[in-house]
1. Please give the helix 84-99 orientation as an angle from the longest Cα principal axis of the chain, in degrees from 0 to 90, rounded to the nearest 10.
2. How many percent of DSSP beta bridges within the stretch 3-99 run antiparallel, rounded to 5?
3. Subtract the Cα-Cα distance of K29 and N5 from 0.36 nm times their separation in residues, and report this length gain in nm to one decimal.
4. If you average the alpha carbon positions of the stretch 62-90 and of the stretch 24-56, how far apart do those two centres end up, in angstrom?
5. Ratio of Rg to Rh for the stretch 3-99, alpha carbon only, Kirkwood?
6. Order these by the 10 Å Cβ neighbour count, fewest first: R92, R20, R85.
7. Using Cα atoms only, what is the angle between the long axis of helix 14-31 and the major principal axis of the chain, expressed in degrees (0 to 90) to the nearest 10?
8. Can you put F50, F72, F83 in order, fewest other beta carbons within 10 Å first?
Amino acid sequence: MPNLNIAIPHNLSQDEALQRIKDAIAHSKVEHSNSIKDLQENWNGNVGTFSGSGMGQTVSATITVNASEIVFDLELPFAASFFKRPIETGIRDFTVKLLS
C-alpha cells in the first residue's frame, strides 16, 4: 500500500492541538457515519492509530500530535493512490483551518 506522510506545523500548545484533533475526529465519526465503516480509534498519549473502511476501501493511519507539528501517516489502498494529491490537500487545508 502506498504511504502518505504529511507534517503540519502549529502554534498551539500540544494539549490544545491534541484536543482539537480529537474533537474533529469525534465530529467526523458522527457526520460521516453512513460512509465510514468499522472505524477503530486508539490513543496512546499524543499518538492515535486508526483503521476503517469507506467506499469499499480500507485505510489505516497514525496521527502524532507533537509540540509544534501534527504528523499524519496514512497507508492508502492502491485505488486511493490515484487521489493522493487531493487527499493530502484536503487533510492539509482542514487541519490548518482547525488549528488556526
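What follows is calculated from the coordinates using simple rules that are stated; it is not laboratory data. Only a predicted model underlies this, so the values are computations on that prediction, with no experimental measurement involved. So basically every Cβ, Gly included, is an ideal-geometry build from the backbone, and we count neighbours across all protein chains shown.
1. 30 degrees
2. The antiparallel fraction comes to roughly 100 percent.
3. 6.4 nm
4. Result: 14 Å between the Cα centres.
5. My calculation of the ratio gives 0.94.
6. Going from sparsest to densest Cβ surroundings: R85, R92, R20.
7. The helix 14-31 is inclined about 30 degrees to the chain.
8. In increasing order of surrounding Cβ atoms, one gets F83, F50, F72.
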